[in-house]
1. For residue 430, are the conditions met, namely being crowded, with 23+ Cβ neighbours inside 10 Å and assigned to a strand (DSSP E or B)?
2. Of a type in the set (D, E, K, R), over 24 Å from residue 423 (Cβ atoms) and modelled with pLDDT of 95 or more: is that true of residue 141 in this structure?
3. For residue 328, which of the numbered conditions (1) aliphatic (A, V, I, L, M); (2) surrounded by 14 or more Cβ atoms within 10 Å (Cβ to Cβ); (3) within 26 Å of the chain's Cα centre (by Cα) fails to hold?
4. Filter region 83-117 down to residues that are closer than 19 Å to residue 421 by Cα and assigned to a loop (DSSP other than H, G, I, E, B) and give me whichever is least open to solvent (accessible area, probe 1.4 Å).
5. Does residue 419 qualify as being open to solvent by 10 Å² or more (accessible area, probe 1.4 Å), out of contact with any strand residue (DSSP E or B) (no Cβ under 6 Å at 6 or more places or on another chain) and among the charged types (D, E, K, R)?
6. Considering (1) in a loop (DSSP other than H, G, I, E, B); (2) among the hydrophobic types (A, V, I, L, M, F, W, C); (3) within 18 Å of residue 380 (Cβ to Cβ), say which one residue 346 fails and leave the rest.
7. I'd like the full set of residues that are in contact with a Lys or Arg (Cβ under 9 Å, 6 or more places away or on another chain) and either of a type in the set (S, T, N, Q) or more than 20 Å from residue 431 (Cβ to Cβ) (or both), limited to region 135-160.
8. Got at least one residue in region 493-505 being closer than 26 Å to residue 444 by Cβ, open to solvent by 10 Å² or more (accessible area, probe 1.4 Å) and of a type in the set (A, V, I, L, M)?
Amino acid sequence: MWTRKSAVLAGVALLAATLQAPHAVARGAGLPLGPADLPETRSVQTLQPGVTLTTIVRGAADPATTWTVEVAIPGGSGSPDPDTPPTALADRAHADALADSLTAAGFAPRVEEVVTPRVADFAGGVLGFRVRVGDFPVKADADAERAAIRAAKFSASTVFTGWDGERADRGPWEVRVLTIDPRRFRGDLVGDFGPDLELRETTSALAAARGATAAVNAGFFVLDPAAGAPGDPAGVGVYADRLLSEATNGRPAFVFSADGEDAGVARHTWTGTVRSGHRVLGLDGVNRVPGLIRNCGGVGDRPTDRPLHDTTCTDPDEAVLFTSDYGVATPAGPGVELVVDDKNRVTDVREPRGGPLAPGSRAIQGTGDKADILRTFGSRLTITSTLRGTTGDYVLNGGPELVRDGRQHATPATDGMVRPNDPSFYYGWVHKRNPRTIAGVDRQGRVLLATIDGRSTTSLGLSIAESAAVAQALGMRDAINLDGGGSTTMVANDQVINKPSDAAGERPVGDAILILP
């Protein structure tokens, strides 16, 4: 039988991937990174019908960017607690006090004001002050100075000034963009988390398991076991039209159809209930460890119900829905668990909670006060799980937004990247350059998936403001920041083609976006 899929496979077999020789971009027509006169080259490779890979190299190594030593500022958060941990940024008084101590110890520090640009929901301005020592063309010399500073009982790290985000920096930057044109694409575009939600796999392993032509890493996920189950999405997750992870309420996600014809960025909220007779209990989450809410954004959680990035909120009284997609067994611990079959009949009551789930079965775990309520439930349950907002075959968490309706629209404050009384988090996560993964759609309906390498001298990375500018320059009508840093990975033709920044190499992640033939 000659099906759509077999036609695609035949087309791929006949198509020899074409590689266009790198060509220079006219001055002023390139990406909005560094001065307008920077050299920029682009090459385009066809990976399969309707899918291209564009590789962009902008700028070159700049001797003006050097290695330096950044010294953490004791009590820099302004807290009266003398045990407050050191911070990268502080007010002028704390920075000057540290500089005086370093001078007394025989070093030559400098205090630098850090000014961050305005974005859509954050006014920008002076973030604070940092303290640095030395400028070295070679990292080994900076490391030696750092060792001496640490020996004097200060906390310090070696950093490259090209990662600071200064507009005058001359690069280099390495940008790779996968473009999926639905007018010619006859494969499948999917989000994939591997054999189960709770374990991590590398993007390349996820791609290989599905025979993907290309792939990028996708959403944020739990990394620390103290924050939940490593690999579990830290936000909304819809896979093949099945909601398997609740929303971080109000945060954006990348939404797309399997054929690539519909894609965009949308914000979501989630609610769920479990009912037995006249008793109704509100659910708190889907497929996550009860009591631990990574990135917050739930209901009744501590310290906040708002999104708060890279923070684990807590709630001792929760009811969480599980499907057999979660893993080998549901999380073990105090509380109660009701196991239900595909007809919503309770087939097992576990106390303490935790154990395997047969395919097609579900479970409700309860802790604290909600465990007491679940113990009163009968033998048949009605379960609801409702995601509000634009949905599709796949909905993968991310944030902040970068572009909306063709305009730069970075939203770090709305999406929890602005922490009260902690400018150092914004400085490191938003203001400074890092590796980034970006997803978006252009006005022609094409899906764009981009990676930008960083944390190296061969590619500086992007700040969030720069990410918005680059996404717009690439033609994205709507765009979102996905998980970045050491997670940023792009795979094509069975190879990792970017340079992941973790010292150990490619990082195992929670999920990935795969382009299937």
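The values are calculated or read from the model by the stated rules, or taken from the named source; none is laboratory data. Just so we're clear, the structure is a prediction, and the values are computed from it rather than from any experiment. No Cβ is skipped: glycine too gets one built from the backbone with ideal geometry, and neighbour counts run over all protein chains shown. Surface areas here come from the heavy atoms of the whole protein model, side chains and all, with no ligands, DNA or RNA. Shrake-Rupley method; radii C 1.70, N 1.55, O 1.52, S 1.80 Å.
1. Values: crowded, with 23+ Cβ neighbours inside 10 Å: yes; assigned to a strand (DSSP E or B): no.
Against the criterion (crowded, with 23+ Cβ neighbours inside 10 Å and assigned to a strand (DSSP E or B)), residue 430 does not qualify.
2. Values: of a type in the set (D, E, K, R): yes; over 24 Å from residue 423 (Cβ atoms): yes; modelled with pLDDT of 95 or more: yes.
Yes: the conditions hold for residue 141.
3. All conditions are met except number (2).
4. 89
5. Working: open to solvent by 10 Å² or more (accessible area, probe 1.4 Å): yes; out of contact with any strand residue (DSSP E or B) (no Cβ under 6 Å at 6 or more places or on another chain): yes; among the charged types (D, E, K, R): yes.
Yes: the conditions hold for residue 419.
6. Result: residue 346 passes all but (1).
7. Our first condition is that a residue be in contact with a Lys or Arg (Cβ under 9 Å, 6 or more places away or on another chain); within region 135-160, this holds for 156-160.
Hits for region 135-160 are 157, 158.
8. yes
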